[in-house]
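The values are calculated or read from the model by the stated rules, or taken from the named source; none is laboratory data. Computed from a prediction, not measured in an experiment: that's the story for all the values here. Don't worry about glycine lacking a Cβ; one is built from the backbone with ideal geometry, like all the others, and counts go over all protein chains shown. Protein only, heavy atoms only, side chains kept; ligands, DNA and RNA dropped before computing areas. Shrake-Rupley method; radii C 1.70, N 1.55, O 1.52, S 1.80 Å.
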Amino acid sequence: MTCMSERRTQIIEAAIPLVLKEGVGASTAKIAKAAGVSNGTLFNVFASKQALIDAIFLAGKTGMFEALSAPEGAPFDRARLWRFWRDYIGWARTHPLHRRISHRLREAGLVSEAALAEGDALAAPHVAAAAEALAQGRLRGPNVEHVAALVFFHIDLVLDQGLGPEDEALSFRMLCDSLGLSE
């Protein structure tokens with residue numbers, strides 16, 4: 001890791017809890033102090049506060065997609081959804097702040113169009129598989145966005161409610177039933 005990428009990671013990791021606590025109004029001086037760098041160094045690494053916000057968002061998205069099983073060639077079926085479910089929940093439990101900040105920044109409309117597009121590109125293989133399954137009638141739903149919202153609703157419910165294995169399995173079965181994915 002180069003010095004610049006180490007600083008970048010250091011600043012992002014320091015910024016996440018501050019932005020979660022204070023919102024994007026958290027001062028860059030406070031973020032720089034928490035990261036152990038000067039405000040000037042922060043702006044040498046990130047050209048603007050928006051660039052920092054986008055980097056925080058993308059750090060979460062990149063980490064999440066790196067944790068997911070590779071989808072190449074696998075049909076969108078119950079087994080593939082289970083792998084996605086298991087991998088995502090595993091990542092989210094070990095990186096709860098990254099999950100929360102990525103959701104919060106996106107939902108608040110604070111991420112630039114370019115960063116959103118980059119995040120969407122990371123999701124593209126999964127989206128393509130779901131779209132193909134919808135087109136072939138192997139998956140039930142009006143569109144991919146609806147399917148994704150339903151999947152993440154169930155996953156977020158499991159995580160936010162701290163559900164145990166039995167209730168997690170029930171939530172997964174309910175999700176599969178609603179999507180028409182039989183055993």
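Below 11 angstrom from the Cβ of Ala70, what's the summed charge of the other residues (Lys, Arg +1; Asp, Glu -1)? Mind showing how you got there, number by number?
Values: positive: Arg80, Arg83; negative: Glu66, Glu72, Asp87.
Here the count lands on -1.
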Taking a straight Cα-to-Cα line shorter than 18 Å from Lys33, and setting aside same-chain aspartates and glutamates fewer than 8 residues away, one finds Glu6, Glu13, Glu22
Whole-Hz couplings from phi, Karplus 6.51/-1.76/1.60, listed for region 13-29; x for Gly and Pro: 5, 6, 6, 3, x, 5, 5, 5, 7, 10, x, 6, x, 4, 6, 5, 5
Applying the Karplus parametrisation 6.51 cos²θ - 1.76 cosθ + 1.60 with θ = phi - 60° to the phi angles of region 79-94, what ³J(HN,Hα) value in whole Hz is obtained for each residue in order, glycine and proline being reported as x? 5, 5, 4, 4, 4, 4, 4, 4, 5, 5, 5, x, 4, 5, 6, 8
Compute the angle between helix 96-107 and the longest alpha-carbon principal axis of the chain, please, reported from 0 to 90 degrees and rounded to the nearest 10. 90
For region 115-156, rounded, prolate or oblate, judged on the Cα gyration tensor with a ≥ b ≥ c (square roots of eigenvalues), a/c < 1.5 rounded, else prolate if a/b > b/c? oblate
Which value, in Å² and to the nearest 10, is the accessible area of Ser182 when all protein chains are kept and the probe is 1.4 Å? 90
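Keeping every protein chain present and rolling a 1.4 Å probe, give me the accessible area per residue for region 108-183 in Å². Walk me through the intermediate numbers first.
Values: 4290 Å² over 76 residues.
Per-residue accessible area for region 108-183 comes out at 56 Å².
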Compute the normalised compactness of region 127-182: alpha-carbon radius of gyration over 2.2 N^0.38 Å, N being the residue count. 1.17
Using a 1.4 Å probe on the protein heavy atoms only, what accessible surface does His146 show? Give it in Å² to the nearest 10. 80
Cα-based Debye curve of the chain sampled at q = 0.13 Å⁻¹ gives log₁₀ I(q)/I(0) of -0.73
